[in-house]
Amino acid sequence: MIFGVTLMTIIISVVTTIGVNFQSQQIMLNNAYQITEGLAKQAVFSILSGSEQNAQEAMDQVQGFQSVVSARLSLDNHNDFLIMGDYPADTEKSTLAIKTTQIIKETNDYWLIKTPVKALAQSSPSEEDEFELDSDLIGEQNIGYAEVIYSKEKLREAQRQIAVLVAIVGILSVSILSIVLRFGLLRLFKPLGMIANIMKQSQNTGEHLLAREIGAKEIHDIASAYNNMMTVLKQQEYDLVTHRDQLEIEVSIRTRELVEARDAALIASQHKSEFMANMSHELRTPIQSIIGYGELVVEELELEGNFDLIDDMDKISKNSQRLLNMINSLLDLAKIEAGKLDIKLSEIFIDELAVSLLDTIEPLAKKNNNSFKINQGCSLPKITTDQEKIEQVLLNLLSNACKFTENGEIYLTISNDNSHIFFEIRDTGIGLSEKQQHYIFDEFRQVDSSHSRKFSGTGLGLAISQRFVELMKGKITVTSELNQGATFTVSIPCNQ
Ligand SMILES: Nc1ncnc2c1ncn2[C@@H]1O[C@H](COP(=O)(O)OP(=O)(O)O)[C@@H](O)[C@H]1O
Ligand SMILES: [Mg+2]
């Protein structure tokens, strides 16, 4: 900035100097013109009368001007009339016929200014003169010339002084401006620097430091705005910390409550499982004896030929069998939940498994007028896994397929890769929506669980099947679309 101000001052000084010099040169030149023309006027009579005495007076007056070096009066034919002072050696006497005042010669040291000496013409205007436009010829006549050599020394002197003055003023201005700027900027930047420092410190330490509100109004305003912001931030941080602390306390209380609730639920669940296991066991014994005695009664009734009672006894046996199945399912579930279910490994021959499934499922399929087919694409003769459980899983899935399909087809496809065997149970029944597929593996969940539902069941088959498959380190998946049938796939490792 100071450099800019200095440059500007130098430019202004130079321009001012040039302007003032030009003006003073014009004034001096005008002065020289006036002196020369005055000499010419005063010399008219002297030249007309040829009296040097008169001319000498005019010359003396001219010499009174300090800058006049020499002067010369010449006649119309350029011959000297009177000379005063020494003509410079390099200047020849002018023989130039001129009609107005002119600079004849200009050097670094002087101007040679020449003007015509004119007298009023006395003769009456002749005919040719009447139409002349030139004023000189109407009433005036050139009778000689006046020359003045005017020194530029005073001009130089004046110019030098002006330059010195301008330079002094310039230097003074630059100095004063620099001092003012320095103090002004310091006053401006010092508080700004302090605010910047405080900001940096706040950033580094994370504290909410306040700035001093000093300096110019705008800086004062900046500091005050920053301080307000810091105060608000501090308050907000305090609120946040308080809120967080409260939340932490609440979370720890809730966590403790949850842990207690979970422990209570776990104990309750364990009690429930134990109770269910005991109860199922206790229920199974009387049901099994009902079924056993029922069979005996049927045999006796057959011997007696009482066929009406045999029908009723059949119903008793079937319902007892259903009850036993349900109790078995509950027992399985209870055992699984109590973690008491073990895997019993044995060799299973795939062909034998397929034949036994076909025998069991075919009559079930026929009930709803469905066809049942097994596609045996499995290249393995046997696998090692829990026979009872794999059979129960497949029976569950196939009996579901028979239950939820009418006048359709049911397929069991058995295949394998290097490590797993796959059982794919596909039907053309009522199918399942995407949403339904998500919960059908949960215990006691059925798509239609209303009292007026069409399909009987407990909603335990798929839940138990999934647990069994997981126990055998396998997976059970479903793909289906509503009214487009369903496909359940069980994959289990060939060897446990
Ligand atoms: N093949 C299938 N087609 C359509 N829905 C099925 C099929 N298999 C199972 N489901 C649905 O899944 C539910 C649960 O099946 P499951 O656990 O075997 O119980 P349950 O057979 O006792 O109802 C069934 O109630 C039924 O809504
Ligand atoms: Mg079922």
### Query
the stretch 79-101 to the stretch 212-269: how many Å between their Cα centroids?
105
### Query
How high is the relative contact order of the stretch 62-109, in percent, with contacts defined as C-alpha pairs under 8 Å that are six or more residues apart?
23
### Task
Work out, step by step, the length gained on full extension between Tyr439 and Asn228: first 0.36 nm times the residue separation, then minus their alpha carbon distance; give nm to one decimal.
70.2 nm
## Note on the structure
The local net charge around Lys154, scoring Lys/Arg +1 and Asp/Glu -1 for residues other than Lys154 whose Cβ lies under 15 Å from its Cβ, equals 0
### Query
Fewest first, what order do Ile249, Ile430, Ile464 take by the number of other Cβ atoms within 10 Å?
Ile249, Ile430, Ile464
### Task
With a/c under 1.5 counting as rounded, go ahead and sort the stretch 306-353 into rounded, prolate or oblate using the C-alpha gyration tensor (a ≥ b ≥ c being the square roots of the eigenvalues; past the cut-off, prolate if a/b is larger than b/c, else oblate).
oblate
### Task
Provide Thr36, Thr428, Thr477 in ascending order of the number of other Cβ atoms located within 10 Å of each residue's Cβ, fewest first.
Thr477, Thr428, Thr36
### Message
Between 0 and 90 degrees, rounded to the nearest ten: what's the tilt of helix 307-337 against the longest Cα principal axis of the chain?
### Response
40
### Message
Sequence gap at least 6, Cα distance under 8 Å: using those rules, report the relative contact order of the chain to the nearest whole percent.
### Response
9
### Task
May I ask for the Kirkwood hydrodynamic radius of the chain, worked out over all distinct Cα pairs and given in angstroms to one decimal?
37.4
### Query
Can you run phi through the Karplus equation (6.51, -1.76, 1.60; θ = phi - 60°) for the stretch 106-116 and list ³J(HN,Hα) in whole Hz, with x for Gly and Pro?
9, 10, 5, 9, 7, 10, 9, 10, 10, 9, x
### Task
Can you run the Rg to Rh ratio on the stretch 342-493? Use alpha carbon positions and the Kirkwood inverse-distance Rh.
0.95
### Query
Among residues other than Ala43 whose Cβ falls under 15 Å from its Cβ, what is the net charge (Lys/Arg +1, Asp/Glu -1)?
-4
### Query
For Val447, Val251, Val14, Val69, what ranking results if the residue with the fewest other Cβ atoms within 10 Å of its Cβ goes first?
Val251, Val14, Val447, Val69
### Query
Residues of the stretch 460-477 with amide nitrogen under 16 Å from the 7 Å Cα-to-Cβ point of Leu380?
469-476
### Query
Given that compact globular proteins tend to follow 2.2 N^0.38 Å, what is the ratio of the alpha-carbon Rg of the stretch 198-307 to that value?
3.00
### Message
Cβ neighbours within 10 Å, averaged per peptide: list 324-337, 379-392, 273-286 in order, most packed at the top.
### Response
324-337, 379-392, 273-286
### Task
Normalising by the residue count of the stretch 342-493, find the relative contact order in percent from Cα pairs under 8 Å and 6+ residues apart.
24
### Query
Which links in Lys344/Lys367; Lys272/Lys315; Lys373/Lys475 stretch past 28 Å when you go from one Cα to the other?
Lys344/Lys367; Lys272/Lys315
### Message
Residues of the stretch 87-116 with the amide nitrogen closer than 19 Å to a label point 7 Å from the Cα of Ser24, along Cα-to-Cβ, please.
### Response
107-111
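Each value in this text was obtained by applying a stated rule to the coordinates, not by laboratory testing. Note that the coordinates shown come from a computational prediction; the quantities given were computed from them, not determined experimentally. Ideal geometry is used to build each Cβ from the backbone, glycine not excepted, and the neighbour counts take in all protein chains shown.
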